[in-house]
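For reference, the structure is listed below as structure tokens.
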Amino acid sequence: MNQTPECALLARLLEHQTVALLWLDAGLQVVYLNPSAENLLGLSLRQARGLPVRSILPGEASLPEVLRQSFESGHPCTFREMPLHAAGRDVMVDCAISPLIDPDLGEGVLVEMMDVERHLRIAREEQLLAQQQATRSLLRGLAHEIKNPLGGLRGAAQLLHGELKQMELREYTAVIMREADRLRALVDRMIGPRVLPKKRMLNLHEPLEHVRRLVSMEMQDGRVRLVTDYDPSIPELYADPDLLIQAVLNIVRNAMQALAGQADARIVIRTRVLRQFTLGNTRHRLVARIDIEDNGPGIPPSLQDTLFLPMVSGRPGGTGLGLAISQSLIAQHGGLIEFASHPGRTLFSILLPIEPSALESAP
């Protein structure tokens, strides 16, 4: 059936709505989901069409009954801050239910859901982006102030080393040079790579599989089970595979260290695609999401607000640079890393925009 211009325009408007819209028929089976509803529920319209609402919200015992009562009575109803379990996570939504009878659509129920936490998430992302920029500026200034006198110190030690004849004294100057080199390397790691990303079109699962193989070799004792759950429908994106490998590897290795000595330890690497998704204050048509989830003890609340800052670590002897570097590498792709953690579940999500402009300009 050919769409009229009005229907085509309406479909495009629905796709750009930030409110999750569900259209259910008289039997409370899914007829339509807009992209915001797909993101909220964690499944596509193709997967959901024709399913009863109980199937897409299996943990919600009361909502289907409320929908039924609203449809039979013909009265709309609204719920504020209704807890909802969807796509393996708990969210809080404002929900509006409207029974409708339309000559073209037939009888059914329109459900509107607004993720209450969405605005809080956008504010957190803006804060993370601002924090990332401020941290990089601070570190670059600090690196300049440290490396200049450090270079002079090492040069003087090297000259003195050449003049000294006694081996025991030369050992002291050798220590000074080694420590100067170590500090210089540490400062370089803090400010991140100084070369431009070498981006190309790639399948997102290419760098992820590289990480999986590396980690599998490191976990030959089998103490940690590594599980992959890939979405093959994710389009190719324009990115630097080496930088993605490093960013993901830092997070996975942190998870391995957090799981040390734990029985039934598990790490899941999952990919999904999000449509009409907002990162910071920018809305993207398509966003790729990489989840790294573990069932470890969780991140202490005292560290969660400063987790992506350099030199912040929950491990004795840790440098606290891994996550700061990962965030910097993903930021070079216009993306962001988020996390949520409580005992028994820690989830890091890498969000990477898939931009049409990048696809068109790629060689």
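With all pairs of separate Cα atoms included, region 145-239 yields a Kirkwood hydrodynamic radius of 18.1 Å. Using R0 = 35 Å, the C-beta based FRET efficiency linking D221 and K147 works out to 0.30.
Our estimate of slack between D242 and M201, defined as 0.36 nm per intervening residue step minus the Cα-Cα distance, is 13.5 nm. Other residues lying with their Cβ under 10 Å from the Cβ of A265 contribute a combined charge of +1, Lys and Arg counting +1, Asp and Glu -1. Extension gain, S349 to D94: 0.36 nm times the residue separation minus the Cα-Cα distance gives 89.4 nm. Placing unit charges on each Cβ (+1 for Lys and Arg, -1 for Asp and Glu) gives region 170-308 a dipole about its Cα centre, and among P301, V287, A255 the Cα reaching farthest toward its positive end belongs to V287. Using R0 = 41 Å, the C-beta based FRET efficiency linking A340 and E107 works out to 0.55. Estimated at 0.36 nm per residue, the fully extended path between T18 and R285 surpasses their Cα-Cα distance by 94.9 nm.
Taking a straight line from the alpha carbon of K147, these aspartates and glutamates sit under 19 Å away, with near neighbours fewer than eight places off in the same chain left out: E179, D181, D188. With a cut-off of 13 Å between beta carbons, the residues surrounding P232 carry a summed charge of -3, where Lys and Arg count +1 and Asp and Glu -1. In this structure the amide hydrogen of L279, modeled in the peptide plane, comes within under 5 Å of the amide hydrogens of H284, none closer than 5 places in sequence on its chain. Given +1 at the Cβ of Lys and Arg, -1 at the Cβ of Asp and Glu and no other charges, the dipole of region 200-361 around its Cα centre is 240 debye to the nearest 20.
Here region 5-115 is treated with +1 on each Lys and Arg Cβ and -1 on each Asp and Glu Cβ, and its dipole about the Cα centre works out to around 280 debye.
Where a number appears in this text, it was derived from the coordinates with a stated rule and is not lab data. Source: prediction; values computed, not measured. Here the Cβ is made from the backbone with ideal geometry for all residues, glycine too, and neighbour counts use every protein chain on show.
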